[in-house]
Amino acid sequence: MSPGIELEEFHGLSLNINLDERRVGFIDAWEDPGVKRGVWVEYVYVLEKHRKSGVGTRAMEMALSKWRGMGYEEVSLDDVHWEQPDNFWDRLGFRGEGKRKRLRL
């Protein structure tokens with residue numbers, strides 16, 4: 001995995017994923033109005049040529065750490081529209097029934 005992964009804030013809690021100073025994806029997120037100190041992740045996207053390389057996993061780990069440091073306590077998402085490797089969210093610690101997943105930070 002390349003050490004050149006960086007997250008760049010672009011709107012609220014949303015983040016660009018940069019690899020060696022080039023944008024390769026993004027994490028679209030905002031404060032979850034239904035959860036005190038919660039983050040809702042709407043979408044995670046990584047360019048196809050960088051998928052299955054660990055970039056998405058490392059970027060999400062970095063985002064979770066960043067949000068934890070900002071005082072957020074829970075991250076929620078609905079992965080129904082996402083193409084991700086099997087157990088992607090489980091490996092990051094998310095749990096839930098069906099497509100709805102949550103992680104206590």
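Each value in this text was obtained by applying a stated rule to the coordinates, not by laboratory testing. Computed from a predicted model, the values in this text were never measured in an experiment. Cβ placement follows ideal geometry from the backbone for every residue including glycine, while neighbour counts extend to all protein chains displayed.
Region 18-77: percent of C-alpha pairs farther apart than 15 Å?
I get 51 percent for the Cα pairs in region 18-77 exceeding 15 Å.
If neighbour count is taken as other Cβ atoms inside 10 Å, put TRP40, TRP30, TRP67 in order from fewest to most.
Final ranking by Cβ density, sparse to dense: TRP30, TRP40, TRP67.
Cut-off 10 angstrom, C-alpha nodes, Gaussian network model of the chain. Which of LYS66, LYS49, LYS36 fluctuates the most?
LYS49
Once Lys and Arg get +1 and Asp and Glu get -1 on their Cβ, which of SER76, TYR45, ILE5 lies farthest toward the positive end of the dipole of the chain?
SER76
Quick one: putting +1 on the C-beta of Lys and Arg, -1 on the C-beta of Asp and Glu, what dipole do you get for the chain around its Cα centre, in Debye to the nearest 20?
Charge dipole of the chain: 300 debye, to the nearest 20.
So, how do all the Cα-to-Cα distances of the chain break down into 5 Å bins, in percent, from 0 on up?
Binned Cα distances yield the sequence 2, 12, 25, 26, 20, 10, 3, 0.
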